[in-house]
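Data block below; observations after.
The values are calculated or read from the model by the stated rules, or taken from the named source; none is laboratory data. These numbers come from a predicted model, not from an experiment. Cβ sites come from the backbone with ideal geometry, for glycine too, and all protein chains shown count toward neighbours.
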Amino acid sequence: MLENMIHLFYPKVCGICGEISKDDICNKCKVKIKKYSRNKKHIYLTKYYTTHMYLFDYQDIIRQKILQYKFQEKSYLFRCFVKIIVNDKKICGFLKNYDIIIPVPISKKRKKLRGYNQSELIAKMIAKQVDKLEYRCDILYKPKDTLPQSSLDKEKRQENIQDAYYIKNEEVVQNKKILLLDDIYTTGSTVNECSKVLKQAGIKEIGVLTLAKD
């Protein structure tokens, strides 16, 4: 009832085109973004995580929407991204391989300035819609505020986030399969550093899901 009243005064809009829509992404835009869809899975043997799945190439309208979501206070766009994820059978099959989904954390300072952690919003909603996938945001934390990875070249990115992440409540993740969620994958330095911390706590299997790959 309350949700219907809210939609009466604030109609739902498509996260891509911004037009009024019954869904978080309209049928027209579902077709539009298909050319950016990659839905690819990569297996790594040299990183702390073994599998990386991503939805899109990081370009054009996809890049624009992720940047708006991340830096322009358009937090509502998380619903659009979640809708795309949970409606994809291949992605859902991938999600069901894991016990716990953990968003890549940001520092308290960054979260205060932005108002939210973009990965947290998506991970929390995904867990609500995927059976037996538990959401936890109290496992990994980032006590210090590092330079934005996007401002650095590839060689500096690993150095920038080295020892930036720590683990707590590690007993919760013992013998669990962990899925890390982040927005953009460029060099993989961030998720690899997070995975390293989890590995040191004894986690055997870690996967990564990102919206896009640059």
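In table form, for the structure just shown:
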| read-out | value |
| --- | --- |
| Qualifying position, being in contact with a His (Cβ under 7 Å, 6 or more places away or on another chain) and of a type outside the set (F, W, Y), among V172, V191, V130, V208 | V208 |
| Number of the condition not met by A164 [criteria: (1) touching a residue at least 12 places away in the same chain (Cβ under 8 Å); (2) assigned to a helix (DSSP H, G or I); (3) hydrophobic (A, V, I, L, M, F, W, C); (4) out of contact with any strand residue (DSSP E or B) (no Cβ under 6 Å at 6 or more places or on another chain)] | (2) |
| Residue within the stretch 117-124 that is within 19 Å of Y165 (Cβ to Cβ), more than 10 Å from the chain's Cα centre (by Cα) and buried (at least 19 other Cβ atoms within 10 Å of the Cβ) present | no |
| Close pairs (9 angstrom Cβ cut-off, 6 or more residues apart or separate chains): on the phi > 0 side of the Ramachandran plot in the stretch 20-46, at pLDDT 90 or above anywhere | N39/M53; N39/Y54; N39/L55; N39/F56; N39/D88; N39/K90; N39/I91 |
| Scope the stretch 194-207; condition surrounded by fewer than 21 Cβ atoms within 10 Å (Cβ to Cβ) and either in contact with a Leu (Cβ under 9 Å, 6 or more places away or on another chain) or in contact (Cβ under 8 Å) with a residue 60 or more places away in the chain (or both); matching residues | K196, V197, K199, E205 |
| Residues being in a helix (DSSP H, G or I) and more than 17 Å from I139 (Cβ to Cβ) - total across the stretch 167-214 | 1 |
| Qualifying residue in the stretch 14-30 (condition: surrounded by 12 or more Cβ atoms within 10 Å (Cβ to Cβ) and either modelled with pLDDT under 85 or of a type in the set (G, A, S) (or both)) | yes |
| Flag for K40 being among the basic types (K, R), touching a Ser or Thr at 6+ places or on another chain (Cβ under 8 Å), loosely packed, with under 15 Cβ neighbours inside 10 Å and closer than 20 Å to V191 by Cβ | no |
| Residue check, D153 out of contact with any Phe, Trp or Tyr (no Cβ under 7 Å at 6 or more places or on another chain), exposed (fewer than 12 other Cβ atoms within 10 Å of the Cβ), over 30 Å from I16 (Cβ atoms) and at pLDDT 95 or above | no |
| Residue satisfying condition, being within 13 Å of the chain's Cα centre (by Cα) and modelled with pLDDT of 90 or more, within set I139, I85, I100 | I85 |
| Residue in the stretch 80-87 that is without any contact (Cβ under 8 Å) to a residue 40 or more places away in the chain, part of a loop (DSSP other than H, G, I, E, B) and at negative phi present | yes |
| Qualifying residues in the stretch 135-147 (those that are touching a residue at least 24 places away in the same chain (Cβ under 8 Å) and farther than 21 Å from Q200 by Cβ) - the one surrounded by the most Cβ atoms within 10 Å (Cβ to Cβ) | Y135 |
| All positions within the stretch 108-161 that are in contact with a strand residue (DSSP E or B) (Cβ under 9 Å, 6 or more places away or on another chain), closer than 16 Å to T190 by Cβ, outside any helix (DSSP H, G or I) and of a type in the set (D, E, K, R) | K142 |
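Let's see how each residue does on (1) touching an Asp or Glu at 6+ places or on another chain (Cβ under 7 Å); (2) over 18 Å from A212 (Cβ atoms); (3) in a helix (DSSP H, G or I):
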| residue | (1), (2), (3) |
| --- | --- |
| G15 | yes, no, no |
| I25 | no, no, no |
| K28 | no, yes, yes |
| K35 | no, no, yes |
| N39 | yes, no, no |
| H42 | no, no, no |
| Y48 | no, yes, no |
| M53 | no, no, no |
| F56 | no, no, no |
